[in-house]
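What follows is calculated from the coordinates using simple rules that are stated; it is not laboratory data. Please read all numbers here as calculations on a predicted model, not as lab measurements. Cβ atoms come from the backbone with ideal geometry, glycine included; neighbour counts cover every protein chain shown.
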Amino acid sequence: MARWPETGSCWHPVRKNRKFVPNLAAQQAESSGNYLLLKRLLTLLDGPASGVFGVPEQGRILVTETERAAYTSFITLAPLDRSEWLQVPQLDVRMYHDARMAEVASINGFRPIKGSHRAASDHGLHIDEKQQINQYLGEWLRYCLAQGLAVMPNQARP
C-alpha cells in the first residue's frame, strides 16, 4: 500500500516491494536553503575561519571552516558543552559555492552518508537517512539564527 507524503515533504509514495526513490527537487531545495542559512550564520561570527555561537539552554556551538577551495568549503558545527539530557551531534557540512548548496557530509564522524540505504540492513539507518539529516541541519540552523547569539572571542574558551 502506498504511503503519501505530507505537503512539502521530500518523499515519494513508497510501496513495500519497491526501491526508495528520493525526491531530488526537494533535496536540492533543502540544500539551497541550508546554504543560505549557513552563509547567514557565518556572517554573524567574528572570524572567517571559526567562531562560537551560543544557543540558550543548549550550550555553545563551535563553527569552524576546516577547508576552503575555490568552489567548496567544509564547515564543522561541533558542540562545546555536552548536556546530559540533550546530545547535539557534530555536523560536518560541505558547502558548494558555485551551486549555492550545502549538505551534511558526516554526522558524529560517521561517513559517508549515502543517498539511500537498504531498509534495516545498513547499520540500522533509515532508508532516507541523508535526507533526514539535511532536514535536521536546516531546522538547527533556523533555530540558531532565531534564538542564538554570537559569542565574543574571550568567552569562547571552554
Query raised in the report: With each pseudo-label sitting 7 Å past Cα toward Cβ, what's the D98-R82 distance in nm, one decimal?
Result: 4.0 nm
Query - 5 angstrom amide H check on A102, placed H, neighbours 5+ away - result: S32, N34, Y35, Y96
Query raised in the report: On full extension of the chain, what length is gained from Q90 through L36, given 0.36 nm per residue of separation minus the C-alpha to C-alpha distance?
Result: 17.5 nm
